[in-house]
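Notes for the one structure printed next.
Every number in this text was worked out from the coordinates using simple rules, so none of it is lab data. The shown structure was predicted, so the numbers you read here are calculated from the model rather than taken from an experiment. We place every Cβ from the backbone using ideal geometry, glycine too, and count neighbours over all the protein chains shown.
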Amino acid sequence: MSDRRVAVVTGAGTGMGAACAQALAASGLAVVLAGRREEKLNETAAAIRAAHDDAVLEVRPTDVGDPAECEGLVADAVARLGRVDVAVTAAATFEPKHILEMSAEDWDSCLDIDLRGSMLVAAAAARAMRDGGEGGRIVLFSSINGRVSEPETAHYSAAKAAVMSLARSMAVDLAGTGIAVNAIAPGWVDTPMIAEFVAEATEEDLGRVNPLRRLGRSEELANFVVYLANEAPEFLTGSSLFMDGGQTAIAPVP
């Protein structure tokens, strides 16, 4: 087994997933980049290699809604790199839809990626960590929408609330294995997913979003994920950790 710790990151082609892959590689981990769009994964991998010529990377196109592909993702990581120590489930999808217009297909397509995919990848990674005997760290991406909601987000908010519950349940089931499981709940972060919603937002507009009056940066979230992956103690487990510029802390004002 290699001495280099190995991270599996879903949603690694863009946004926060790509930032996590880059930050984990910079911290010395080998990284398996997973996601549906191979070209985006390759772009992230190229950016990492340009910055770190000693990076150890694997690109693995994966549909996280497919159980066989999730199992294969983790199995390939073990086969090629010898182990899995960290799993980060950043893959997500969001299409606004009013609840009165939401179809079962709208609901299922969101929950398949945002919730089911998180469980499938995290559980597969946990089995590999258990079998490796050295424990591990699992970081599930939730959202402030797991606690508060916005218009046309019933499916997304339900999924992200369930991800927080999943982190608690996995932490309980995995107690004593050396595997810690936590959820990270970002606020509004400058990523392609929300670009159209904030394209013309002013500082005054953002002041109504959070007291810092700005969007979060993917790198800020990624650096926190690196802490959870590398330094956080096993005793930190089962938590949902909000990183939102105070968005869920401040009461709306006129």
Could you please report the charge total around V8, scoring K, R as +1 and D, E as -1 over all other residues with beta-carbon less than 10 angstrom from its beta-carbon? -2
Report the per residue volume, in Å³, of the convex hull enclosing the C-alpha atoms of the stretch 23-165. 119
Charge dipole of the chain about the Cα centre (unit charges at C-beta), most positive-ward option of C20, T10, S169: S169
Taking R0 as 25 Å, what's the FRET efficiency between V148 and E39 from their Cβ-Cβ distance, rounded to 0.05? 0.10
If you average the sequence gap of Cα pairs under 8 Å that are 6 or more apart and divide by the length of the chain, what percent do you get for the contact order? 19
In terms of the charge dipole of the stretch 6-243, which places +1 on Lys and Arg and -1 on Asp and Glu at the beta carbon, the residue among A159, F224, V64 farthest towards the positive end is F224
Unit charges on C-beta of K, R, D, E only; dipole of the stretch 125-176, Debye: 100
Net charge dipole size for the stretch 6-243 [Lys, Arg +1 and Asp, Glu -1 on Cβ; Debye, nearest 20]: 660
Using the Kirkwood radius over Cα pairs, work out the Stokes-Einstein diffusion coefficient for the chain at 10 °C and 1.306 mPa s, in µm²/s as a whole number. 87
Most fluctuating residue of D76, D54, D244 in a GNM of the chain with Cα springs under 10 Å: which is it? D54
Per residue of the chain, what 222 nm ellipticity follows from adding -39500 (n - 2.57) for every DSSP H run with n ≥ 4, rounded to the nearest 500? -13000 deg cm²/dmol
Taking +1 at the Cβ of each Lys and Arg and -1 at the Cβ of each Asp and Glu, which of C110, G187, P96 sits farthest along the dipole of the stretch 6-243 towards its positive end, judged by Cα position relative to the Cα centre? G187
Please identify, among L140, L111, L215, the residue showing maximal mean-square fluctuation in a Gaussian network model of the chain using a 10 angstrom Cα cutoff. L215
Starting from 0.36 nm per residue, how many nanometres of slack lie between S165 and A51 once their C-alpha separation is accounted for? 37.4 nm
Calculated FRET value between E219 and S103, using beta carbons and R₀ = 30 Å, to 0.05: 0.25
How long is the gain from E95 to T248 if the chain were fully straight, where each residue apart is worth 0.36 nm and the alpha carbon distance is subtracted? 52.9 nm
